Amino acid sequence: MLATDPLFEASALPISFTESFTAPLVRKLNTRRRSEARCAFFADDVLAMSRDGTRNGRSSQPWYHSLMISHLEGTVHSTHAGFLILSVGGVGYKVATTRETLASLKGAKSASLWTHLAVREDVLDLYGFNTEEELRFFDMLLTVPGIGPKSALAVLDIASIPTLRSAISAGNASYLTNVSGIGKKTAEKIVLELKDKVGAGVDSRSASLKGDEEALEAMRALGYSQTEARDALRKVPAEVEKSAQRLREALRILGS
């Protein structure tokens with residue numbers, strides 16, 4: 001059989017179209033036919049997105065591919081408000097992260113972060129975490145309708161994982177609203193979607209949650225900003241439950 005496909009230059013050489021020979025040609029042909037509608041990032045086998053914002057023929061909301069870059073270890077090039085530049089193999093990665101993570105890396109020469117790559121139509125954003133538990137909770141927040149990566153990071157930025165698990169498991173949307181600063185509708189949505197997913201054994205923290213609400217109100221009355229109060233309360237051990245004790249410990253932390 002003679003090759004007559006336009007992908008080939010004119011040739012009179014006989015070619016045996018076995019499956020091993022035709023399979024890659026079919027893939028190339030499909031890629032060529034779709035080239036006007038699709039663009040590839042890194043490689044066809046990794047990820048492809050259509051220019052008009054659709055994926056696999058469907059209308060596409062922003063979607064996330066966390067497995068492509070799931071961990072980075074390298075040199076801390078610089079830290080900034082909300083993100084750091086991590087140099088890995090001569091490449092500088094901009095990684096968004098929480099204030100707590102940035103504080104832990106202040107002055108550090110190297111860092112090892114669990115990461116999530118969020119892919120939108122025209123944006124690639126990396127989010128980094130000190131622990132795999134933080135990454136998994138971040139991924140779980142992304143399953144809540146209307147919660148994007150920036151919102152999920154903001155949730156992690158204002159409360160510890162155990163505290164968030166406790167509040168969500170207890171159905172305490174008011175805590176998320178009053179202490180964590182999340183909007184009421186968003187807080188209720190998070191509780192509704194994740195209450196049965198966050199795990200059991202967190203009821204023992206319910207007293208400290210109530211203590212945080214009362215302590216936060218008192219600290220704001222003393223002139224501290226909500227961010228300052230949250231950050232201090234986050235550092236108070238859960239074993240300290242009464243609001244007066246949590247307030248005293250938070251004020252000690254702010255004064256140190």
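Please compute the length gained on full extension between Ser104 and Arg220, using 0.36 nm multiplied by the number of residues separating them and subtracting their Cα-Cα distance.
On the way: separation 116, 0.36 × 116 = 41.76 nm, distance 2.58 nm.
Between Ser104 and Arg220, full extension yields an extra 39.2 nm.
Kirkwood Rh over Cα pairs of region 62-147 into Stokes-Einstein at 20 °C, 1.002 mPa s: D in µm²/s?
Values: Rh = 13.2 Å.
Diffusion coefficient, whole number: 163 µm²/s.
What lysines sit close enough to Lys210 to cross-link, taking a C-alpha to C-alpha distance under 24 Å and skipping anything fewer than 8 places away on the same chain?
Correct list for Lys210: Lys184, Lys185, Lys189, Lys195, Lys197, Lys235, Lys242.
Going highest first, how would you order 157-165, 76-84 by mean Cβ packing within 10 Å? Each step should come with its number before you reach the end.
Details: 157-165: 19.4, 76-84: 14.3.
Averaged packing, sorted descending, gives the order 157-165, 76-84.
Per the Kirkwood treatment, what hydrodynamic radius in Å, one decimal, follows for region 133-178 from the mean inverse distance over all distinct Cα pairs?
Answer for region 133-178: a Kirkwood hydrodynamic radius of 10.8 Å.
Tell me the Kirkwood radius of region 158-256: reciprocal of the mean inverse pair distance over distinct alpha-carbon atoms, in Å.
Working: mean 1/r = 0.0750 Å⁻¹.
Averaging 1/r across every pair of different Cα atoms and inverting gives 13.3 Å.
Rule-based calculations on the coordinates, nothing more; no lab input. Just so it is clear, the structure is predicted and the values come from calculations on it, not from any experiment. With ideal geometry, Cβ positions are generated from the backbone for all residues, glycine too; neighbour counts draw on all protein chains shown.
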